[in-house]
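Working notes, structure below.
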Amino acid sequence: MSLRMIQPSTDAELLDWQYVHNEIIPTDPLSLDDVRERSGRNRLTVAYDGDTLVGCSTVRPPSDETPAATVIVRVLPAYRRQGFGEQLYTAELKHAQALSDSVETIVLETNQDGLRFALQHGFVEFERYLLDGDTIPYIGLRLS
């Protein structure tokens, strides 16, 4: 089992990234234009097992708001606990660590699989916050 990981450039690839994002984070659905905008400032990756879409990721560079790079890995529920998240995380963590000595991630509180994965990989919670109008908090975690 080896993932095929690509940085989306076509509309079809961007739509795959959008689909995974919106499935994992239903509280903050993104439009295709939103995804295009994000691809201009962040590293987006789409992951496939053969031709089957299994996940996506985002690596955000450090900013004025945080000196840490942020790595977010999303795997569709049907493909969890099969090693796909581990492969995607390992690849994207290298990119994040090349940007900053400090790495963070963000998990929607209802994504208990994602939270468990982050904690098992050495992340420690440092904040919880709500986006305007949301009722489900996001959990900010820092790699210790």
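The values are calculated or read from the model by the stated rules, or taken from the named source; none is laboratory data. Fair warning: this is a prediction, and the values are worked out from it, not measured in the lab. Here Cβ is always computed from backbone atoms with ideal geometry, including for glycine, and neighbour counts include all displayed protein chains. Protein only, heavy atoms only, side chains kept; ligands, DNA and RNA dropped before computing areas. Shrake-Rupley method; radii C 1.70, N 1.55, O 1.52, S 1.80 Å.
Scan the range 89-106 residue by residue and report those that are assigned to a helix (DSSP H, G or I) and of a type in the set (V, I, T). Hit for the range 89-106 is T90, nothing else. Annotation note: Cβ proximity below 6 Å between a residue of the range 59-76 that is within 22 Å of N111 (Cβ to Cβ) and hydrophobic (A, V, I, L, M, F, W, C) and a residue that is modelled with pLDDT of 95 or more and open to solvent by 60 Å² or more (accessible area, probe 1.4 Å) (sequence gap 6+ or interchain) occurs for V59/R43; V59/H95; A69/L99. Scanning the range 57-79 for residues being open to solvent by less than 60 Å² (accessible area, probe 1.4 Å) and either within 14 Å of the chain's Cα centre (by Cα) or modelled with pLDDT of 95 or more (or both) gives a total of 14.
Scanning the range 10-56 for residues that are exposed (fewer than 11 other Cβ atoms within 10 Å of the Cβ) and part of a loop (DSSP other than H, G, I, E, B) turns up T10, S31, G50, D51. Check whether at least one residue in the range 84-100 is within 16 Å of A68 (Cα to Cα) and in contact with a helix residue (DSSP H, G or I) (Cβ under 8 Å, 6 or more places away or on another chain), and report yes or no. Looking for residues that are within 16 Å of A68 (Cα to Cα) and in contact with a helix residue (DSSP H, G or I) (Cβ under 8 Å, 6 or more places away or on another chain), one finds none in the range 84-100, hence no. For beta carbons closer than 7 Å, sequence separation of 6+ or different chains, a first residue in the range 107-121 that is in a helix (DSSP H, G or I) and a second that is surrounded by 13 or more Cβ atoms within 10 Å (Cβ to Cβ), the qualifying pairs are D113/R80; G114/V107; L115/V107; L115/I139; F117/G85; A118/T105; A118/V107; A118/L141. Scanning the range 112-144 for residues that are over 19 Å from R60 (Cα atoms) and either touching a His at 6+ places or on another chain (Cβ under 9 Å) or hydroxyl-bearing (S, T, Y) (or both) turns up just one, T135. If you go through the range 96-139 and keep only what is open to solvent by 50 Å² or more (accessible area, probe 1.4 Å) and of a type in the set (S, T, N, Q), you end up with Q97, T110, Q112, Q120, T135. Screening Y89 with (1) more than 19 Å from L44 (Cβ to Cβ); (2) aromatic (F, W, Y); (3) crowded, with 18+ Cβ neighbours inside 10 Å gives one miss only, at (1).
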